[in-house]
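Peer 1: Pasting a structure here, questions to come.
Every read-out reported here was derived from the displayed coordinates using simple, explicitly stated rules and does not represent laboratory data. Here the structure is a predicted model, which means the values were calculated and not measured. So basically every Cβ, Gly included, is an ideal-geometry build from the backbone, and we count neighbours across all protein chains shown.
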Amino acid sequence: MRAYTRQLSAAVAVTALAAACAACGSSQANSGSSGSGSADSSTSTAFPVTVVAANGSVHLTSKPRAIVSLSPTATEMLYTLGAGSQVKAVDSDSDYPTNAPKTKLSAYTPNVEAIAAYKPDLVVISNNIDGIAAKLKALSIPVLELPAAATLSDVYAEFTQLGEATGHLAAAKTEDAKLRTEIGQIVAAEPKHAKPLTYYWELDQTYYSVTSDTFIGHLLKLLGMKSIADSAKGAAKSGGYPQLSSEFIVKANPDYIILADTVCCHQTDVTVASRPGWSTITAVKDHHIVLLNDDIASRWGARIVVLLQKVEAAIKSGAQ
């Protein structure tokens with residue numbers, strides 16, 4: 001569930017909270033594309049190829065036939081690009097799509113021998129924990145590191161990198177264009193607000209949240225929204241993931257409450273409304289509580305469109 005907090009601010013305490021909730025995430029709420037782009041001469045990948053990723057230049061002599069993904073987001077991206085048939089194994093948190101070959105491999109305590117046992121010709125990671133990239137490289141296994149996105153540009157870039165590395169560059173370019181179009185349509189349909197709509201984004205029931213400077217914050221800015229966590233003490237020091245207090249949230253009186261812990265922590269509009277003092281919050285009084293699937297709220301693949309659609313629908317409903 002907690003990909004943003006795990007990978008964008010791994011040193012923050014919320015990382016541990018995230019790991020505890022990960023196994024509970026559900027991927028059944030919304031379906032995603034398993035698309036396969038049609039290649040043309042200008043967008044086909046010729047091997048050998050060198051892809052520049054977060055871990056530097058990655059050289060691939062031929063099209064990968066046995067990919068291991070240690071990133072739930074990368075797993076989603078691979079299937080979106082039509083590279084699913086090349087995926088041999090995915091980590092224990094990669095639960096979408098449901099036909100992905102889920103294993104006991106851990107992205108957070110990676111085991112070199114266990115990974116190598118699948119004889120991969122490409123391993124995709126989102127976090128180079130314990131120097132796993134160098135350890136696999138020592139075994140002549142190419143590793144592509146695609147860290148958690150900080151901006152939409154990062155999302156488009158990672159689709160392109162995966163497309164180059166897997167031989168699906170045409171599909172990657174198609175997906176990039178599709179995402180840009182869909183997000184543009186969502187933003188264009190959002191009414192202009194005299195002032196930003198304030199929100200409290202709940203990562204878990206201990207009140208960890210996100211600021212407007214995080215990836216989620218950037219997405220919601222597109223809808224004219226601003227996080228109440230921006231003014232929290234230590235927000236910047238926390239990497240944009242401060243732990244708020246109940247009193248702080250009540251006093252900030254957000255227009256919207258967005259729950260990213262509906263699966264892991266069983267939070268609902270009812271549980272929120274029953275918290276001491278929360279019945280006075282504007283978002284609670286006006287029923288402006290948005291319930292998100294944990295996985296969709298924490299991954300930066302194609303389903304960011306679903307996230308934006310859910311929040312925008314809540315805003316439009318509240319404006320009626």
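Peer 1: How about K102: which lysines have a C-alpha closer than 29 Å to its C-alpha, ignoring those fewer than 8 places off in the same chain?
Peer 2: Excluding near neighbours in sequence, the set is K63, K88, K119, K135, K137, K173, K178, K310.
Peer 1: To make sure I understand, if each residue's beta carbon is the centre and we count other beta carbons within 10 Å, what order do L244, L144, L105 fall in, fewest to most?
Peer 2: Result, fewest neighbours first: L244, L105, L144.
Peer 1: Decide, for the stretch 119-251, between rounded, prolate and oblate: order the square roots of the alpha carbon gyration tensor eigenvalues as a ≥ b ≥ c, take rounded if a/c falls under 1.5, and otherwise choose prolate if a/b is larger than b/c, else oblate.
Peer 2: Verdict is oblate for the stretch 119-251.
Peer 1: Another question, then. Kirkwood hydrodynamic radius for the stretch 186-320: how many Å is it when counted over pairs of different Cα atoms?
Peer 2: Computed over Cα pairs of the stretch 186-320, the Kirkwood hydrodynamic radius comes out at 14.8 Å.
Peer 1: I'd like to compare 228-237, 164-173: which one has the highest average count of other Cβ atoms within 10 Å, and what's the full order after that?
Peer 2: The densest-packed peptide leads the list: 164-173, 228-237.
Peer 1: So for K221, K88, fewest C-beta neighbours within 10 Å to most, what's the order?
Peer 2: In increasing order of surrounding Cβ atoms, one gets K221, K88.
Peer 1: As a footprinting exposure proxy, order V123, V155, V270 by other Cβ within 10 Å, with the fewest listed first.
Peer 2: V270, V155, V123
Peer 1: While we're on this one: Give me the net charge of Y96's neighbourhood, meaning all other residues with Cβ under 14 Å from the Cβ of Y96; Lys, Arg count +1, Asp, Glu -1.
Peer 2: -3
Peer 1: Straight-line reach from K226: which aspartates and glutamates have Cα under 16 Å away, leaving out those fewer than 8 places along the same chain?
Peer 2: E190, E202, D213, D255, E312
Peer 1: While we're looking at this one, here's another question. Add +1 for every Lys or Arg and -1 for every Asp or Glu among the other residues with Cβ under 12 Å from the Cβ of L223, and state the total.
Peer 2: Within the 12 Å Cβ shell, the charges total +2.
Peer 1: Give me the percent of Cα-Cα pairs in the stretch 178-244 that sit more than 18 Å apart, rounded to a whole number.
Peer 2: I get 41 percent for the Cα pairs in the stretch 178-244 exceeding 18 Å.
Peer 1: Could you pull out every one of the lysines with an alpha carbon less than 26 Å from that of K233, ignoring same-chain neighbours closer than 8 positions?
Peer 2: K195, K221, K251
Peer 1: On to the next question. How high is the relative contact order of the stretch 185-319, in percent, counting Cα pairs under 8 Å that sit 6 or more residues apart?
Peer 2: 24
Peer 1: What number comes out for the charge environment of G167, summing +1 per Lys or Arg and -1 per Asp or Glu over other residues with Cβ under 11 Å away?
Peer 2: Combined, the nearby Lys, Arg, Asp and Glu give +1.
Peer 1: Once the principal axes of the Cα atoms of the stretch 43-167 are found, what is the range along each, listed largest first in whole angstroms?
Peer 2: Between the extreme Cα coordinates on each principal axis of the stretch 43-167 lie 35, 31, 28 Å.
Peer 1: Assign unit charges at the C-beta atoms only (+1 for Lys and Arg, -1 for Asp and Glu), then state the dipole size of the chain relative to its Cα centre in Debye, rounded to the nearest 20.
Peer 2: Computed about the Cα centre, the dipole is about 120 debye.
Peer 1: For the pair E113 and T206, how long in nm is the line joining their label points, each one 7 Å along Cα→Cβ?
Peer 2: The answer from the label model is 3.3 nm.
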